[in-house]
Amino acid sequence: MFHISDIKKYNRCDRYFYLNQLAPKPYFPFATCNESTLELAKQFLNCTEYYEGKSGDAGELVLAQLDHYDTFVAARFTYQDLRVTIPFLRKQQDGYQVIFTNNQCFPKESEAAYLAIACWVLKQNGIQVNDVKMIHLAADYVREETLDVFKVLMLDDYLYHDKKQTHKTIFEIISEQKLDVDNLLIGMRSALAEYPEGKQRSSVCTHRGKCDYFDRCFNQEEKPDSVYNLVQSGMKYDLVDAGKTELGMLDGDDIEGTRHQYAQIMAARSESGLYFDVFAMRDWVKRRIQYPITYLDFEWETYVYPPYQGMKPYDVLVFQYSMHVENTPGAPLLHEQFIGTGDCRVAFIEDLLAKIPAEGSVMVYNAVGAEMLRLKQLAVQFPQYSERLKAIWERMVDLSLPFSTGNIYDVRMAGAYSLKKLVEIFTDYDYHDLSISHGMEAVANWRSLQADEINDEIREQLYEYCGMDTYSMVLVYHMILDVLKKYE
Ligand code: SF4
């Protein structure tokens, strides 16, 4: 049986769909859905008497119940080998109302095609849909002591486009969709019949993050100086088609002209493979860095539903920090760390404020979207600490900026500048040597720590991972100082 999620995969890429059916990859959701949206929506809609479907139901089951109930929850309907789940179906005077559910605050218009397919399947089953609505999260909701289902959820007639604006009702957008479900299903069946050959790398492979099967499809063929690694480029696929496959082959007309692109080309043309803007970096160190340097990193969990007072939908709970302190240039490092479970926000803040040096630079990686944002959110939730937290984020220096702005580029970076990548290139350390090797794995392990507070092994692995992040910053910053020394 196919589901709507399979159609989404097939629409992305037939090979992706094929590989996902053959060898599904483990999925690490970026946010924990800590409540059942369906159960909350039942309360929200005051559903008391209803027919409820379950996974794997044959389509005939619900059809046999249509005359016996007015409300259907999670009912499964089928058309050929496609099965759709309709969260809520309510009988009205001349037809039915469909209510979809969505775990986002602003469900996107791009979902409309899939909602339309679900409604189309209902029509094939003789069900006339007269109204379509969506239950989703209310972005402005702030939790009090308990979760208020009537405030955290909202019933909406609209979907939202990229600027979080609405312009047509869900029913109108669905009605405008041009569907050819029969042909779609024929395509999906034939995609599964044999491995789709002859795929070329395209923006689909990296849109909103690298495809899970990217390495299997392309990486063996790709060199670090490949034009595919050109950043911020709308032309790279055309350039490859035109035979310009290596960064060193490009000239001014081939790029949009960002500093980062310039650094990539200069690195590819240099013998060492490194581009390093000595003047810019000397100025950055001189103006921005003051001792003691505190290298700081947080780990956090994102929750769909606010689990604790003062939190909003999709707020994060910071549960861990690691801090390496370098008091004077090259002095032995001091290390502090914290890990909490449950609602550890106040404990986290107090421990951080007690341990962090009162002056000097606070070096973080990707400050604005990460550690700085986390502190600002905590300052809103706990205003009694806001001034002292602000004093920390005002001292933050973002170590990712020299790499993201093109002041430093090594051709082995292959267009990326994550801390893990830099450590592998510039030092002998490697995150792969750790028991936990990426952030989502750390979060997954913290989740298990919640259920098993005394598991020292997991606690140690989390300390090791977060500590590696701050130690990596020390190594990368000292790599910068070492290069600068050569030019003194
Ligand atoms: S890497 Fe590209 S071609 Fe390969 S499965 Fe993913 S989207 Fe398809």
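For G273, indicate whether it is at positive phi and out of contact with any Pro (no Cβ under 7 Å at 6 or more places or on another chain). Yes; evaluated as a whole, the condition is true for this residue. Got at least one residue in region 263-271 being touching a strand residue (DSSP E or B) at 6+ places or on another chain (Cβ under 7 Å) and under 20 Å from C205 (Cβ atoms)? Yes, because at least one residue in region 263-271 is touching a strand residue (DSSP E or B) at 6+ places or on another chain (Cβ under 7 Å) and under 20 Å from C205 (Cβ atoms). Residues of region 171-200 that are within 16 Å of the ligand (Cβ to nearest atom), open to solvent by 20 Å² or more (accessible area, probe 1.4 Å) and either β-branched (V, I, T) or closer than 30 Å to G415 by Cβ (or both): Y195, E197, G198, K199, Q200.
Residues in region 205-240 that are away from the ligand (no atom under 16 Å from the Cβ) and open to solvent by 30 Å² or more (accessible area, probe 1.4 Å): K223, P224, D225, Q232, G234, M235, D238.
Counting only residues that are open to solvent by 70 Å² or more (accessible area, probe 1.4 Å) and among the polar types (S, T, N, Q), region 328-348 holds 1 of them.
Are any of the residues in region 257-264 within 31 Å of the chain's Cα centre (by Cα) and assigned to a loop (DSSP other than H, G, I, E, B)? Within region 257-264, one or more residues are within 31 Å of the chain's Cα centre (by Cα) and assigned to a loop (DSSP other than H, G, I, E, B).
Considering region 409-431, the residues that are touching a residue at least 40 places away in the same chain (Cβ under 8 Å) and among the charged types (D, E, K, R) include one that is surrounded by the fewest Cβ atoms within 10 Å (Cβ to Cβ), namely R412. Number of residues in region 404-429 that are out of contact with any Ser or Thr (no Cβ under 9 Å at 6 or more places or on another chain) and either over 16 Å from Q261 (Cα atoms) or part of a helix (DSSP H, G or I) (or both) equals 8.
Taking (1) under 19 Å from Q43 (Cβ atoms); (2) surrounded by 19 or more Cβ atoms within 10 Å (Cβ to Cβ) in turn, A112 satisfies each apart from (1). F150 falls short on exactly one of the conditions (1) open to solvent by 20 Å² or more (accessible area, probe 1.4 Å); (2) closer than 17 Å to P313 by Cα; (3) in a strand (DSSP E or B), and that condition is (3). Among the conditions (1) farther than 30 Å from L317 by Cβ; (2) without any contact (Cβ under 8 Å) to a residue 40 or more places away in the chain; (3) within 16 Å of the ligand (Cβ to nearest atom), E60 misses just one, which is (3). Among the residues of region 86-108, just one is of a type in the set (S, T, Y) and closer than 17 Å to H3 by Cβ, namely T101. As a summary of the residue check, L399 satisfies the conditions (1) open to solvent by 10 Å² or more (accessible area, probe 1.4 Å); (2) at pLDDT 95 or above; (3) of a type in the set (A, V, I, L, M, F, W, C) except for the one numbered (1). Identification of strands (runs of 3 or more DSSP E) wholly contained in region 283-352 with 2 or more residues that are at pLDDT 95 or above and farther than 19 Å from V368 by Cα yields 316-326, 334-339.
The values are calculated or read from the model by the stated rules, or taken from the named source; none is laboratory data. This is a predicted model, so every value here is computed, not measured. Quick reminder, even Gly has a Cβ in these numbers, built from the backbone with ideal geometry, and neighbours come from all protein chains shown. Quick note on the areas: whole protein, heavy atoms, side chains included, nothing else; ligands and nucleic acids left out. Shrake-Rupley method; radii C 1.70, N 1.55, O 1.52, S 1.80 Å.
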